[in-house]
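A short reminder: the numbers here are calculations on the coordinates, not readings from a lab. Computed from a prediction, not measured in an experiment: that's the story for all the values here. Cβ coordinates were reconstructed from backbone atoms using ideal geometry, including for glycine residues, and neighbour counts include every protein chain displayed.
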Amino acid sequence: MARSLYSTAFALGGFLAGAAALFAFNLDAAEGGQAKLSSIWTVSVSPVLPVLAALLGMDTWSDERRSGRIELLLSSPIREKDFVLGKFFGVWVMTMFGVAVFLFASLGFLKAYAPQLIGETALLGFLPGFVALVMQGALWSAVSIVASALFSNAAAAATATTVLLVALPRGLWFALSSWGPQGRTSFGEMPIDAHAFDFASGLVSTGTVLAYVIFTGAMLFVASKAVAVLRCGSRGASTLRFTTKLSSFLAVVFAVLASALAYRLDLTLDLPVGGTGDTRFSARTRSVLSEARGAVSITAFLERSDPRFRQLGHFLRALKREADEVSGIRIDLRYVDPTLDIGEAQRLVRAGVGKDSLVFERNGRIADAVRLADGYSERLIASIIERVALPFQRSCVYWTSGHGEASFADYGAEGMSDIARDLSLDGYGNRTIDLASDAAIADDCALIVVAGARTDFSSVELDRVRAYLEGRGSKNEGGRLLVLLNSADTGGIPTLLSEWGIRPVAASLGQTRTISGTDVIITDFTLDHAVTRPFEGQQVVLEKPIAFVPSAAAGDVGSGADLKRFHGLLHAGGACLAAGVDRGETGADLAIRPTRIIAVGDVGFVMNGKLRAYANANRDFFLNAVKYLSGRDALTESGTEADRLVSGMDRETRARFVVAFSIVFPGGFFLLLVAAIAKRRRRQ
Amino acid sequence: MLEVRNIAFAYRANRVLRDVSFVVSPGETVCVVGDNGAGKTTLLRILATIMLPDAGSVRVDGHDALKTPLRFRRELGYLQENPSLYEDMTVKSYLNYRARLKGEPEKRIRRRIGEASETCRITDIMQKQIRSLSFGLKKRVALADAILLRPRVILLDDVLAGLDRTMREAAGEIVSSVAAFSSVIVTGHELTDLARWSTRFLVLDQGRIVATVPSAGLDVATVVGRLDAALKGGQH
C-alpha cells in the first residue's frame, strides 16, 4: 500500500508536470488567436488524463493478486461489481483530484504571470471543460481498472492502458490523416480532443455524453467479469471462462452499437454556461452590427455531418445574439444541407454558390459568399456584413511607389500583402500611386500611405502631396496621409511632416520593455484617441523606432479651421514613437477638420514577417489608423481586446512561467505528498 | 452446519480433488491432514468460494455456495496459509476496514473488533502498524479477521505453520474458544498440536478422503498413532 501511495504521488506529480508543459506550449501556440483560455486549458489536460488514470489504476487489482489479498476479497460477501465499483471510484476521484489541483494551480500561476489573461475568465468558465474531463476521466479510469484486472504486473497494466488510450487512437488518427489528407476534413479533429474542446466551448452533444457513459458502463462490466473469471481456475470451468469472455465481448459490441445509435439521435446543445457559450466579439464587430440596419440572411450551406458544422453554427448563433443585443442589423440564420434540403441547395448552386459556403443575402439577393475551405473569421464575417449592410463607401488606399517603399503586392517577409488583404476585407481598395507621373490624385483616395521611402521625394511630388493635404484642386476638402518612416532624415517626407507639426528625431529612449533587445514594447495607451482607445492591456511592438516631437507648426499655431493639433499616439521610454496631427476647429466634426496625418516611427511593424511572427496589436494599430484617417472612427477596433488571446508575457516572463508551472510546482507538489506519506508512516 | 458433497476439482490434467464429501456440525473442529499436494489448500479455497469446483456442492445451513454466494460467504471466515494484510494499516484500522467490507452494521463494528481482538489476544497491538508485527502476530491479526463477525464456518489453512511452540499453543486456545459457536475446519501438518483441540481428522490423499479419525476424548498419542497409520496407508 505504501508503494501504492508513493506511486500515486508520482502519478499526480507527473500529471501536473505534463499537463502544465502542454498548457504552456498550447498557450504559446494560441497567442494572438481566437481560442478561449478554458478551451486551451481543457485540451491541454485531456491528452495527459489517460496516463494519470493508467498510473493510478495500474495496481488496483494487480497488487491484490500479487500479494494474495485477492483471496480475502473473493471470500468476502461482496459482489464482483461492487469490488470493481469501489476500485473505480477510488481511481476516478483521485484522477479528478489531480485535475482540480491543476485547475487551481493554472488559475494561480496565470494570475501571477499573466493577470490580463485570467482577469476576465471566471472560474465558472472552466466548468464545461471540467465536466468533459470528469466524463473522460471516468472512462479512462474504467479502462485502467480492466487492464489492472487482466495483468498481474502493474507496469504491464499501465503500459497497456496508455497504449490503448493514448498511442492507439492518436496513432490511428494521424495515420488516417497522413494516408488520406483529402479526408482530413471528414475525420475532423482527433475525436477525444474534439470532445474536450466542444464541451469547453459550451457545445454539448448528447451523443458524446451517452457514448462516454455507455463505454464506461461497458468497461466496468468487463472489469467485473475479469475479476469473476479469477475464480474459474479449474479445468471444468473452461465453459464458464468462455461464456464470461463472450459476455465481455458482447458488452463491448453493445457499447459500440448503442453509441452509434446515440450519435444517430444526437442532440447538440449550445450551453451558455459560465459565459463560455457566448462568443465574445470585438468592439469593431459590435460597431458594425449596431450601425448596420435592415436585415441580412446568412446561410450555412454545408452538410450537418460536417465537422465544421457545429463550430460554425455556434459562431453564427452567437453573432445573431450579439446583433439582437445591440439592436442593430437583424440577422436571419438558415442552414441548408446539400443532401437533405434539395430545393434550396439547387437554388444556391444555380446562383453559382458551391457547397461548403457561407452565403450572405440582402433583400432576397445573394450579396456575397465565402468558401469555408478558405477559412472564416470574425473579422471576415464582420467585414462582409459591413460591405453588405452599410451604405456604400468603398474607398481606396493609395500606396506611393518609386522611392523604395514596401509594396502591398509583395508577399515576402518584407512585403505588406497581409495588411493589404485586411484592408480589402474592410472594404478598401489598394492602389499604387506614382506621384511623379500620375496625372492627379483620384477622388476615391481615402488616404495616401508612404510605407518607408528610402530615397527622396522630388519637390514636385512633395508639392502634390501638400496640395492634396490642403484640399486644393480636389473634391476632397483635405487630405489624409499615413507615413511609416525608415529614418528621420530620408525622403523629404520628414520636411513635409514638420510643416504639419510633426518633427521626426532620432529616438533617445529611456528604460523600455523589449523582446529581442532591439525592439520596443509599447503598452502605454493612456491617451484617449480613437486609434489607441481600445488597446488597454495590449502591446504594440516597433523595431528600432524613430521618435517624434511637435514642430513649431503644431500646437496652438493657427486658428479656426487652420488650427493644427499634435497627438502623441505611442509612447515608450519617454519618447513619442507615433504621432498624429489634425487640422480643424476644436470640437468640430470631420467635415470641417479635413486634414489628418499619422506618422509611425517604424515601417516594418506591419510587414508580413512581423505580423506572422508576433501576436500583438500592430495590425489593429495600422487598421485603426487607416480607419481614423479615412473618417471611419467608429469602426476602429482591437481584435486583441475581446476575441484574441494575449498573455502579455514577454520572453523572460514566459520562461519563468514555464519553469515555475511545469517544473517547480509539480516537483514541489510531489515532494509535499512524499513528505506527508513518510510522516504518516512514521507516526504509525 | 457445513455440508460438502462430492467435490471434484482439476487443474488441466491434474485431478486435485475427487469426490470429497463430509459434514461439519457446529462446535466441531475438523482437521484436514495429508501430505503436500494432497489437496488441502485447494479444498479450503473451494470452501471459501475463491475457486469454483468442477463438480459437487457446498452448503452452510442450507445456503449453497454457488446459488446464493453472498449469503454463503456471510457465514464464512477464512484464514490464508500466508496471511496477506494491508501492511501500512494499523491493526485496528485493518479490522475496521474488513468489518465494513463484510457488511457489518456500523454500530456493531466496535464491539466485534473488541471481541475478536480479545479472543486473539491482540488488544495491546491495536494501534501498531501491521508492517511492524512479527509473523506470529500477523497470523493472529488474520485470525481475528477470520472470526471477526462470528461466522458459522471458519476455515483455517495451515494455521500453525511458521509458529513457535508458545504461539502454537495460543493459536490452539483461540481455535478452541471460537469452535464453541462455529464449525471449524483446519488444515496442517502438526498432528500432535492439532490432536489436542480437534474433534475429528480427515485424512486426504491424492484428492480423496481416505480415512476419518475421531479424536474427541482420546489421548493425543493414540490419535497421532492412528493418523500416522492412515497417512502411511493412504500413500500405499
Relative contact order (percent, whole number), segment B:46-100, Cα cutoff 8 Å, 6+ residue spacing: 22
Please tell me the relative contact order of chain A in percent, rounded to the nearest whole number, where contacts are Cα pairs under 8 Å and at least six residues apart. 14
To make sure I understand the rule: partners must be lysines, Cα under 27 Å from the Cα of B:Lys138, and not fewer than 8 residues away in the same chain. Which ones qualify? A:Lys87, A:Lys679, B:Lys40, B:Lys92, B:Lys102, B:Lys107, B:Lys128
At a Cα cut-off below 13 Å, give the aspartates and glutamates reachable from A:Lys544, other chains included and same-chain residues fewer than 8 away excluded. A:Asp519, A:Asp602
Total charge dipole magnitude, chain A, about the Cα centre, Cβ charges on Lys, Arg, Asp, Glu only, Debye to nearest 20: 3300
Return an integer: the convex hull volume of the alpha-carbon atoms of segment A:370-466, in Å³ per residue. 115
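Based on the alpha-carbon gyration tensor of segment B:4-68 and its eigenvalue square roots a ≥ b ≥ c, which shape applies: rounded if a/c is under 1.5, prolate if not and a/b is larger than b/c, or oblate?
Numbers: a/c = 2.10, a/b = 1.23, b/c = 1.71.
Cα axes put segment B:4-68 in the oblate bin.
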Enumerate the lysines that A:Lys320 could reach by cross-link, defined here as Cα to Cα under 30 Å, with residues fewer than 8 away along the same chain left out. A:Lys36, A:Lys355, A:Lys627
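Name the shape class, rounded, prolate or oblate, that the alpha-carbon gyration tensor gives for segment A:281-389, where a ≥ b ≥ c are the square roots of its eigenvalues, rounded holds for a/c under 1.5, and otherwise prolate holds if a/b is larger than b/c and oblate otherwise.
On the way: a/c = 1.94, a/b = 1.53, b/c = 1.26.
Because a/c hits 1.5 or more and a/b exceeds b/c, segment A:281-389 counts as prolate.
Calculated from DSSP H runs of 4 or more alone, at -39500 (n - 2.57) each and per residue, what is the 222 nm mean residue ellipticity of chain B, nearest 500? Don't jump to the answer; show the numbers that get you there.
Numbers: 8 runs with 88 residues, N = 236.
Mean residue ellipticity at 222 nm (helix-derived): -11500 deg cm²/dmol.
If contacts are Cα pairs under 8 angstrom and at least 6 residues apart, what is the relative contact order of chain B in percent?
27
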Can you bin segment A:31-78 into rounded, prolate or oblate? Criterion: square roots of the alpha carbon gyration tensor eigenvalues sorted a ≥ b ≥ c, rounded for a/c under 1.5, prolate for a/b above b/c, oblate for the rest. prolate
In angstroms, what radius of gyration and Dmax does segment B:6-159 have, counting Cα atoms only? 16.5, 49
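Counting DSSP beta bridges in chain A, what percent are antiparallel, to the nearest 5? Please list the in-between numbers first.
Details: 39 of 65 bridges.
That works out to approximately 60 percent antiparallel.
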CD proxy, 222 nm, chain A: helix-only mean residue ellipticity via -39,500 (n - 2.57) per DSSP H run with n ≥ 4, per residue, nearest 500, stands at -15500 deg cm²/dmol
Calculate how large, on average over all directions, the projected area of the Cα convex hull of chain A is; give the answer in nm² to one decimal. 36.9
Comparing B:Leu148, B:Leu44, B:Leu101 in a Gaussian network model of chain B (Cα, 10 Å), the one with the largest mean-square fluctuation is B:Leu101
